[in-house]
Amino acid sequence: MSYSRYLLTEGASWILIGISMVVSAWPGLLVSESLVIPFAMVGWVCVFGWLAVALRRRGVPLREVSRWMCAGRPAGPGTPPKTMSAAVLLLALARDVVFWAGGTVSFYLACRWMHTPQSLSNGGMTLGMGAAVAVLGLIETFPARNHVLAMDADARTTTRVIRHRAMAFGFPVVATAAQDAAGTPPVFDRTFRSVEHNGKPQ
């Protein structure tokens, strides 16, 4: 599967997950209305804090929003040349939606049924995290995907996803189409820009 198509699909998945988290944790719906705003802020900070750390490790500047969600991890020497098919990738993304969205909704339905107090269910944090996840899904669907399309057009190649990170923990493993077909690891720098094209440094 091309990286651009993957970003479009995963971005839509994240938007769905984020909306389900917001709806399930909405004040007065399945959880109480106390302490929603403070905990929502904590949830928002947790999501973007994790993203900031991940981007820093890959050398991606925080000011470049279009590259936030496309810092895919290049396939390295230790990466097996096996490539997940498009069907398997779609199945993995669907599994993530079921796990996160279904799990969140089920959790708060159970909390509602058992009259779990807000101090334990912590709907405010889930509300904030859900809003942040939905925003990241929008970034992945539009700016990040456009960045990858432009990058591929400049290099006259297609970046492909080799492996999906289970349960969306981290960025996917990527390689160019030629490297994927040859089973050779790509040469990438920390900013996810290829430093080698047709055997010559860019």
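Of note:
- Among the residues of region 10-67, those that are surrounded by 20 or more Cβ atoms within 10 Å (Cβ to Cβ), in contact with a Ser or Thr (Cβ under 9 Å, 6 or more places away or on another chain), modelled with pLDDT of 85 or more and farther than 23 Å from residue 124 by Cβ comprise 10, 11.
- Per-region count, region 111-137, residues surrounded by 17 or more Cβ atoms within 10 Å (Cβ to Cβ) and either of a type in the set (Phe, Trp, Tyr) or in contact with a Gly (Cβ under 6 Å, 6 or more places away or on another chain) (or both): 7
- Of the residues making up region 118-167, just one is over 17 Å from the mean Cα position of the chain (by Cα), under 25 Å from residue 19 (Cβ atoms) and not in a helix (DSSP H, G or I), namely 122.
The values are calculated or read from the model by the stated rules, or taken from the named source; none is laboratory data. Computed from a prediction, not measured in an experiment: that's the story for all the values here. When we count neighbours, we look across all protein chains shown, and the Cβ atoms used for this are built from the backbone with ideal geometry, even at glycine.
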